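The values are calculated or read from the model by the stated rules, or taken from the named source; none is laboratory data. Bear in mind the structure is a predicted one, so any value in this text is a computation, not a measurement. A quick note on method: Cβ atoms are made from the backbone with ideal geometry, for glycine too, and the neighbour counts reach across all protein chains shown. Keep in mind that these areas ignore ligands, DNA and RNA; they rest on the heavy atoms of the full protein, side chains included. Shrake-Rupley method; radii C 1.70, N 1.55, O 1.52, S 1.80 Å.
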Amino acid sequence: MAIFAISDGEPLPPAKIEMQLVALLESSVPNAPRQFIPDSEFVAELKKGLNDLIDLRVNHVRSWLDFNLARFQGGHASIEDLRRRFDNMVIEMRTNVQLCGAQCASCHLLCVRSRLHEGDHGCNTDHKCAFNCEFCEDDKLCGARYDNL
C-alpha cells in the first residue's frame, strides 16, 4: 500500500517528505532500467507512476466520502469543511511527490529526490554507465561515470 506524506496541521519536515517519497519511488519504478531509456523519459514515467498512485487513492477516498455523506443534507457546514480539508490534503499529497529534476551532483542524470530536499541532488544510481559501448575496450560493462560520456 502506498503511504503519502500529509500533515496533521503542522508542516512536515522535508526529511519526512523525502522518506515517504523514497518508499513511493520504490513501488513505482518504470519498466526499463534507468540506463536503458532516455533520462527525461525515465523521470516522466516515475512522475506518471506517482500521479497514478495519487489518483487511485484520491478517487477511492472521494468515492468513500460521497457514498457515506450522501445520506446527509447537502450544504451542511461540517460536510463542506470535511470536503475542503480533503481537497487541501490532495493538493498537499501532489506537492509532496514532486521531484526535484535538477542535475545530480555526481553525474548528468536528473535528481529524483523531493523538490524540497536538503543537500546535494541525487539520481539514486551508482553514477556509472551500464552499457557495452564504444568507450569500452573489452566486451564488458563500461563502468564510466555518466559525466564522462
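Going by the structure shown, is Ala130 surrounded by 12 or more Cβ atoms within 10 Å (Cβ to Cβ), out of contact with any Phe, Trp or Tyr (no Cβ under 6 Å at 6 or more places or on another chain) and at pLDDT below 85?
So Ala130 passes the test.
Is it the case, given these coordinates, that Arg71 is farther than 21 Å from Pro14 by Cα, open to solvent by 90 Å² or more (accessible area, probe 1.4 Å), at pLDDT 85 or above and outside any loop (DSSP other than H, G, I, E, B)?
It is false that Arg71 is farther than 21 Å from Pro14 by Cα, open to solvent by 90 Å² or more (accessible area, probe 1.4 Å), at pLDDT 85 or above and outside any loop (DSSP other than H, G, I, E, B).
If you check every pair at least six apart or on different chains, which have Cβ atoms under 7 Å apart with a residue in segment 81-97 that is among the charged types (D, E, K, R) first and a residue that is outside any helix (DSSP H, G or I) and open to solvent by less than 40 Å² (accessible area, probe 1.4 Å) second?
Glu92/Ser7
Scanning segment 26-68 for residues that are outside any loop (DSSP other than H, G, I, E, B) and of a type in the set (Val, Ile, Thr), which turns out most open to solvent (accessible area, probe 1.4 Å)?
Residue satisfying both the conditions and the ranking: Val61.
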